[in-house]
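Here the structure comes first, spelled out in structure tokens, and everything after it is commentary.
The values are calculated or read from the model by the stated rules, or taken from the named source; none is laboratory data. As the structure is a prediction and not an experimental result, all values here were calculated from the model. Note that we place each Cβ from the backbone using ideal geometry, even for glycine, and neighbour counts take in every protein chain shown. What goes into the accessible areas is simple: the full protein's heavy atoms, side chains included, and nothing from ligands, DNA or RNA. Shrake-Rupley method; radii C 1.70, N 1.55, O 1.52, S 1.80 Å.
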Amino acid sequence: MTSAILCAAGRGTRAGFSENKVLRELGGLPVLSWSLSAFSAAGVDEIIVACREEDEARIQALLAPYPAARAMRGGKTRGESVFAALKAAKGEIVLVHDAARPFLSQKLICDCIASVKAFGSGVCALPASDTVVLAAEGNVISVPARETAFLVQTPQGFYKDKLLVAYEKAREEGLSFTDESGVYAHYIAPPRLFAGERGNRKLTYAEDFLPAERVGFGADTHAFGEGDRIVLAGVSIPHTHGLIAHSDGDVLCHALMDALLSAAGLSDIGHHFPDTDERFRGADSMELLRKVVVMLARAGYAAKNASVSVLAEKPRLAPHIAKMKENLAGALGIGQDAVGIAAGTNERLGYVGEGKGITVYATVLLMPVRPAQ
Ligand code: MG
């Protein structure tokens, strides 16, 4: 029989949240639920969640879909919580895991159990990709050879009886350790390492909780009418016709604004800048684009890149692309290398091919600029 102990009694002070970070939502589920489902899917017989008294009711509610899981009040330190859970655990093998590592795979859990069966213990670790040094008072005192340096993750698995002995001795001597690998190494034997996963990150700081990037798509068409110039991305281009519009008819800006707004889940430009509103008659669309960028920032996003495709039989746009890119990059606050503008004809097909109008498609990627509220 195998038991898992999930450490969820931390305060998460480094993240600066008012609630326990394992209760925060990430990817549509509370952080704790991801570990619960991984251990549950791996077929672990018992899951003990060590939690703080003030979180107990919320954690109990999250355990409902997992019949093998139960909550238990933790102690003042991680070590006290694990010690208490160990005494209550029924399994011969025990895996201890930080609930703030929600991305562990089922394979990692199976590898951990296999390591315990083969070697008596299994500590998940990654080889250090940076040089690790030991320091005191701001000075490096020792530089271990990089191939001997590892970054330790969880889960960490042991035979329960041996880990209990180690914790009992640590308690008698009043020593504390950051995790099970330390206490086991000190009192029992050097624990066996097995390969961790880069994705098995620990959520520590507020920025670790950033929501995912968002993609957006927008399209717009304007018909040619009277006039002697068109405006695209704020560049005025002489032509035999203008574009019919309530605003300046900057069809490229309009497609781009809709891509940005829809990526952030906001209403489209027709909602924000209605063409029935006199304030927007002849409006400078680049000015509107800058307003959209502010709306995005309020929603917690900024553009990462933009990719635009302009379909027009005429006029020729190639001489103006560089200035158009410069204008868009400036308004979006990104580098010009993050703005792509392709200009093509429609091979004389359809309304574009007949020279009746211009259509623009735009895609954007938004990146989160602050943690989800
Ligand atoms: Mg338009």
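Put the Cα centre of region 8-54 next to the Cα centre of region 167-187 and the gap is 24 Å. Region 132-231 gives an Rg/Rh value of 1.40, both radii derived from C-alpha positions and Rh following Kirkwood.
Using the alpha carbons alone, the radius of gyration of region 2-209 stands to its Kirkwood radius in an Rg to Rh ratio of 0.95. Applying a DSSP loop filter and a limit of 12 other Cβ atoms within 10 Å to the trypsin sites (Lys or Arg not before Pro) in region 248-352 leaves Arg281, Arg316, Arg348.
Calculated mean residue ellipticity, 222 nm, the chain: -9000 deg cm²/dmol, from DSSP H runs (n ≥ 4) at -39500 (n - 2.57) each, averaged per residue and rounded to 500. Taking every alpha-carbon pair under 8 Å whose residues sit at least 6 apart, region 2-209 reaches a relative contact order of 24 percent. Where does helix 285-299 land angle-wise versus the long Cα axis of the chain, in degrees 0 to 90, nearest 10? That helix lies at roughly 20 degrees to the long axis. For Phe194, the residues 5 or more places off, or on other chains, whose built amide H falls under 5 Å of its own are Val123, Cys124, Ala125.
Restricting the calculation to Cα atoms, every distinct pair contributes to the Kirkwood radius of region 1-44, found to be 11.6 Å. Residue by residue, region 83-100 carries 3J(HN,Hα) couplings of 4, 5, 5, 4, 5, 8, 5, 9, x, 6, 9, 10, 10, 9, 9, 7, 5, 7 Hz when phi is fed to the Karplus relation 6.51 cos²θ - 1.76 cosθ + 1.60 (θ = phi - 60°); x denotes Gly or Pro. Enter the angle in degrees (range 0 to 90, nearest 10) between the Cα long axis of helix 251-263 and the first principal axis of the Cα atoms of the chain, meaning the one along which they spread out most. Helix 251-263 sits at roughly 20 degrees to that axis. Taking amide hydrogens as placed 1.01 Å from N in the peptide plane, the amide H of Gly225 sits under 5 Å from those of Gly242, Leu243, Ile244, each at least 5 positions away in sequence or on another chain. Within the assembled protein chains, the solvent-accessible surface assigned to Glu172 is about 150 Å², based on a 1.4 Å probe.
Normalised by residue count, region 203-242 yields a Cα convex hull volume of 91 Å³ per residue. Overall form of region 235-283: oblate. Here a/c, set by the Cα gyration tensor axes a ≥ b ≥ c, is 1.5 or more, and a/b is not larger than b/c.
Close amide H contacts of Ile5 (hydrogens built in the peptide plane, cut-off under 5 Å, sequence separation of 5 or more or a different chain): Ile48, Leu95, Val96, His97.
Using θ = phi - 60° in the Karplus curve 6.51 cos²θ - 1.76 cosθ + 1.60, the 3J(HN,Hα) couplings for region 68-82 round to 7, 9, 9, 9, 8, 5, x, x, 6, 10, 4, x, 5, 5, 5 Hz; x is entered for Gly and Pro.
So which trypsin sites (Lys or Arg not before Pro) in region 24-121 end up in coil per DSSP with only 14 or fewer other C-beta atoms within 10 Å?
Listed in order of number, the matching sites are Lys76, Lys90.
Region 281-326 and region 337-364 have their alpha-carbon centroids 14 Å apart. About the centre of its Cα atoms, region 1-113 shows a dipole size close to 260 debye [charges on the beta carbon of Lys, Arg (+1) and Asp, Glu (-1) only; nearest 20 debye]. Over the Cα atoms of region 214-368, the radius of gyration divided by the Kirkwood radius equals 0.95; this is the Rg/Rh ratio. Going by Cα centres, region 198-234 and region 82-145 are how many Å apart? Distance between centres, Cα-based: 40 Å. The GluC sites (Glu not before Pro) found in region 63-150 that occupy coil by DSSP, while having at most 11 further C-beta atoms within 10 Å, are Glu137. When every Cα-Cα distance of the chain is counted in 20 angstrom steps from zero, the calculated P(r) takes the values 24, 35, 25, 14, 1 percent. Placing unit charges on each Cβ (+1 for Lys and Arg, -1 for Asp and Glu) gives the chain a dipole about its Cα centre, and among Tyr187, Leu328, Pro368 the Cα reaching farthest toward its positive end belongs to Tyr187. For the chain, with all protein chains in place and a probe radius of 1.4 Å, 52% of the accessible heavy-atom surface sits on carbon or sulfur. Between the helical axis of 106-119 and the longest alpha-carbon principal axis of the chain there is an angle of about 20 degrees.
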